[in-house]
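Working notes, beginning with the structure itself.
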Amino acid sequence: MNVQLLAVPYDSGNLRARMGAGPEALLEAGLEQALRDNGHRVYTKVAELAADSWHSEIQTSFELMRMLSVGVREAREAGRFPIVLAGNCNTAVGTIAGLGTGVGVAWFDAHGDFNTPDTTTSGFLDGTAVAILTGRCWKQLAVSIPGFQPIADETVCLIGTRDVDLLEGRLIAESTVDVIEPGKIRSELPRTLNAIRQHVETMYVHLDLDVLDPEVAAANKLSVRGGLMIEDVEYALSLIARDFRIAGVTLSAYDPEVDTDGAAAVAAIRLICAAAAFAGGT
């Protein structure tokens, strides 16, 4: 395939800090060559806001979402498969907006990302990503993203989720979003995907690297035990590719400072290449 890498090196509005250092670290670790070795043609863009502009977490994050929506749409129009490398998960709002309507969401993440400003106790904007996607919060800013429309709960599944806040958990329980806990991938994911297939034929795949167990790969400081093996994610990707057309992929939340042995970078590149291969039908 023609692959468009879109790097967004920001974490909470901060350029190249913490998880914001992850996108370019993966490029330096050989991601582009790994994709080329798998037969893809690779094009790369790195997003960066004007240095003299005012930066604040919420303002900057939504501006990046707007930029990403345009970048993803342009990649699609050029016949390129979009792969986003992001510090934060909330970039998915821009990515999905750029992909267009009729897209389901396979959300691989240790965390639910289902908080709203009324339920969060950390104040971490990134923990509201899926709530934004499903139209639960930040509605006025979300509509400023070109092409954004809320995603129906019935087309979203959380995979590998195991760290959920109390009030966040209540919101998830009240929704019709399916949650596939670690250890239940093989028993429950096929049924969940079949249900989503009744509504959409195209899927966006979101890979927060901390979906992996930290014993496999230390992705970031938010990692929690009890996560997935790399093989679990690859198995899930194979099922998704069997039932849907994969329209785009994100790899997010990789902090190279935490990855002291390089295992997380290796895992990230392996998963990105696997997702691209499945999306390309190989």
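The values are calculated or read from the model by the stated rules, or taken from the named source; none is laboratory data. As the structure is a computational prediction, the values presented were derived from the model and not from experiment. Backbone-built Cβ (ideal geometry, glycine too); neighbour counts: all protein chains shown. These area figures cover heavy atoms from the full protein model, side chains too; ligands, DNA and RNA do not enter into them. Shrake-Rupley method; radii C 1.70, N 1.55, O 1.52, S 1.80 Å.
Residues whose amide H comes within less than 5 Å of that of Gly248, counting only those at least five positions distant or on another chain, are Val205 (H built at 1.01 Å from N in the peptide plane). From the largest down, the range 111-197 spans 38, 30, 19 angstrom on the principal axes of its Cα atoms. Taken one residue at a time, the phi angles of the range 246-261 give Karplus couplings (6.51, -1.76, 1.60, θ = phi - 60°) of 7, 8, x, 9, 10, 10, 10, 6, 9, 10, x, 5, 7, 7, 5, 9 Hz. Gly and Pro are set to x.
Packing here is the average count of other Cβ atoms within 10 Å per residue, and on that basis the peptides 149-161, 79-91, highest first, run 79-91, 149-161. Rounded to the nearest 20 debye, the dipole magnitude of the range 33-109 is 380 debye, with +1 charges on Lys and Arg beta carbons, -1 on Asp and Glu beta carbons, and the Cα centre as origin. When the convex hull of its Cα atoms is viewed from all sides, the range 125-276 shows a mean projected area of 9.2 nm². Solvent exposure of Lys221, expressed as accessible area, is near 150 Å², computed with a probe of 1.4 Å over the protein chains only. Separation of the range 259-282 from the range 129-190 is 24 Å, based on Cα centroids. Proximity of backbone amide H atoms, modeled 1.01 Å from N, is registered between Asp11 and Arg16, Ala17, Gly20 at under 5 Å, excluding neighbours fewer than 5 places apart on the same chain. Pull out a ≥ b ≥ c, the square roots of the eigenvalues of the alpha-carbon gyration tensor of the range 114-155, then state rounded if a/c is under 1.5, prolate if not and a/b is larger than b/c, and oblate in the remaining case. Because a/c hits 1.5 or more and a/b fails to exceed b/c, the range 114-155 counts as oblate. Ranking Thr176, Ala274, Pro256 by Cα position along the charge dipole of the range 168-282, where only Lys, Arg, Asp and Glu carry charges on their C-beta atoms, puts Thr176 farthest toward the positive end. Using the Cβ of Glu201 as centre and a radius below 9 Å, the other residues enclosed give a net charge of +1, where K and R count +1 and D and E count -1. From the P(r) of the range 9-165, can you give the percent of Cα pairs sitting at distances over 24 Å? Tail fraction, whole percent: 34.
Taking the square roots of five times each eigenvalue of the Cα gyration tensor of the chain, the equivalent ellipsoid has semi-axes of 23, 22, 20 Å, listed largest first.
Ellipsoid fit via the Cα gyration tensor, the range 222-277: semi-axes of 23, 13, 10 Å, each the root of five times an eigenvalue, largest first. Counting only protein heavy atoms and a probe of 1.4 Å, the accessible surface of the chain is 49% carbon and sulfur. Over the Cα atoms of the range 1-102, each weighted equally, I'd like the Debye log10 I(q)/I(0) at q = 0.12, 0.13 Å⁻¹, rounded to two decimals. One equal scatterer on each Cα of the range 1-102 leads to -0.38, -0.44. Solvent-accessible surface of the chain, averaged per residue with a 1.4 angstrom probe and all protein chains in place: 40 square angstrom. Helices meeting the span-like rule in the chain (full DSSP H runs, Cα extent of at least 18 Å along the helix axis, mean Kyte-Doolittle score of 1.6 or higher): 263-279.
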